[in-house]
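**Student:** One structure, pasted below without further comment.
Please treat every number below as a calculation from the coordinates, not as lab data. Model, not experiment: these values are computed from the prediction. So basically every Cβ, Gly included, is an ideal-geometry build from the backbone, and we count neighbours across all protein chains shown.
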Amino acid sequence: MLVTILLPAQVLIIPQYIAFHQIGWLNTYLPLIVPRWLATDGFYIFLMVQFIRGLPTELDEAAKMDGGSHFWIFTRVIVPLALPAMATVALFSFVQSWNDFLGPLLYITTPSKFTVPLGLTAFTNSGGTGAASAWGPLFAMCVIGLGPVVAVFLATQRFLSEGIATSGFK
């Protein structure tokens, strides 16, 4: 896991491109979505493991004494306490995916499928003739592009503040 954190993402670009080409995923959103859902980023796994290690073991022991199975302890004790960490991981992953420029640039070729960063780049000086960009519409597109990130942050800010202040007890 630590090796995947230390390995630069640029090293994996060519093997990933070849794999996605062989699967037939180029010019689709699948190369952008599926790796995120399969938890391919070691940082998020490391963050969750460290958060769960910080929870008091007395909670597990008390649940065992109450007759809880491992699955029951996980679903009824660990997961509710780990919700702030899960919200943090979800927020970081969403913002990283939303702002990703290199992945969509490599895997998406049709302009109608461009993501927001690619669309903004295509909109700036789109003629390539040295003409000035239309700054007003560009800023409007930037503000609209920020909307989902702000909405996800507002939806998860309660969990983020709980994650900072939590001590494992409710």
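**Student:** Mind pulling up the Rg/Rh value for segment 2-165? Radius of gyration and Kirkwood radius, both on Cα.
**Tutor:** A ratio of 1.09.
**Student:** Further question on the same structure: What net charge do the residues around L91 carry, taking every other residue with its C-beta under 14 Å from that of L91, with Lys and Arg at +1 and Asp and Glu at -1?
**Tutor:** Values: positive: R36, R158; negative: D41, E162.
It works out to a net charge of 0.
**Student:** Using Cβ contacts closer than 10 Å as the measure, can you line up R76, R36, R53 from fewest to most?
**Tutor:** Least crowded to most crowded, the residues run R53, R76, R36.
**Student:** Please order T156, T57 by the number of other Cβ within 10 Å, starting at the fewest.
**Tutor:** Values: T156 18, T57 9.
By the 10 Å Cβ count, ascending: T57, T156.
**Student:** Still on this structure: Cut-off 14 Å, label point 7 angstrom out along Cα-to-Cβ of F46: give me the residues of segment 5-36 whose amide nitrogen falls inside.
**Tutor:** 5-9
**Student:** Sorting I108, I78 on the 10 Å Cβ count, fewest up front, what's the list?
**Tutor:** Ascending Cβ contact count within 10 Å gives the list I78, I108.
**Student:** Identify which of V152, V116, V77 has the largest mean-square fluctuation in a Gaussian network model of the chain, with springs joining Cα atoms closer than 10 Å.
**Tutor:** Highest fluctuation among the options: V77.
**Student:** In 10 Å bins starting at 0, how do the alpha-carbon pair distances of segment 1-95 split up by percent?
**Tutor:** Going out from 0 Å in 10 Å bins, segment 1-95 shows 13, 33, 27, 18, 8, 1 percent.
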